[in-house]
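Written below as structure tokens is the structure these notes are about.
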Amino acid sequence: MTDHTRDLAFSDSTQHANRGLCLKVMTVVAVAVAGSAAWMILGGAQPTLPGFRDPQRAAEPLVFGQLPIYVSHRFEFRNDAGSNITIEKIETDCSCTVYESSVDPIEPGESGFFRLEMGMYQSGSKSTQALVTWSTGDQTIFVLDGQARATVELRSSTRRVDLRPGGSAEIDVSLTALSNEPPSLFVDRAGPGITVEPENWRLITEGRIEAGVSRRYEARPTVSASSEATGASYVIVEVPGAPPLIVTVHVGPGESPAG
């Protein structure tokens, strides 16, 4: 470890979620999260605290929104060394992770930052990390832990339906929603000879909306093929506020209906 790295100081502060690339910022829909800032001196003046090589970890509070949900955290550092320090290389462990970093070399006494942003595509907990290589040759791992709860989340265990001409099968669809009334279910089809009979939601689990607990609903739309239908097609299932589901439909002679 060089003398420069012993003089670095870090802090954590939570910002609005902003999507970016190193040295180039890309603005996306932001989700505001609340937090506080506290300085943590690494080495140097307080050698009993974690060293510069130790991971820097941030845990964000639960974020509610429409999928995908973006969770972001900004790590700040101060250069107390006698020369400029820059970020030379950044490696992330997931394609869902983007980052933004200080553009110019950080001069002695000045501060810089490194922001991690993680895309979450379903409710639950998730972690991501980035390995930063500094101009000193040292490396630091930045870890971001996030929790997300989708206001609307649509799922289906049915990704393909195989039918005979004249046959039919059901699509298994489930919905979790932070709402007393479920959003409308829309089912559309593509391809000649394919029809869909929609079905209303059935309440399966009654969550405490006021406590942030989703309600769970199920529906089973029926897909039918005419006697002249053949070949591949697809059905689109969607509700407002959630990514649509695409179910492949294949009609061929001699095949049994399957869900």
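Observations on the model:
- Rg and Dmax [Cα atoms of the stretch 135-259; Å; Rg one decimal, Dmax integer]: 19.7, 72
- With protein chains left intact and a 1.4 Å probe, residues in the stretch 196-254 average 54 Å² of accessible area per residue.
- Whole-Hz couplings from phi, Karplus 6.51/-1.76/1.60, listed for the stretch 88-105; x for Gly and Pro: 8, 7, 9, 10, 9, 9, 8, 5, 7, 9, 10, 8, 9, 9, 4, 7, 9, x
- The stretch 169-211 - percent of accessible surface contributed by carbon and sulfur, probe 1.4 Å: 45
- The residues of the stretch 89-167 present an accessible area of 43 Å² per residue when probed at 1.4 Å with all protein chains retained.
- ³J(HN,Hα), Karplus 6.51/-1.76/1.60, whole Hz, each residue of the stretch 210-224, x for Gly, Pro: 5, 9, x, 9, 6, 8, 10, 10, 9, 8, 9, x, 9, 9, 10
- Computed about its Cα centre, the charge dipole of the stretch 62-215 is approximately 640 debye, with only Lys, Arg, Asp and Glu carrying charge at their Cβ.
- Residues with amide H under 5 Å from that of residue 110, placed H, sequence gap 5 or more: 79
The values are calculated or read from the model by the stated rules, or taken from the named source; none is laboratory data. What you see is a predicted model; the values in this text were computed from it and never measured. Don't worry about glycine lacking a Cβ; one is built from the backbone with ideal geometry, like all the others, and counts go over all protein chains shown. The protein model used for the area step is the full one, side chains on, heavy atoms only, and it has no ligands, DNA or RNA in it. Shrake-Rupley method; radii C 1.70, N 1.55, O 1.52, S 1.80 Å.
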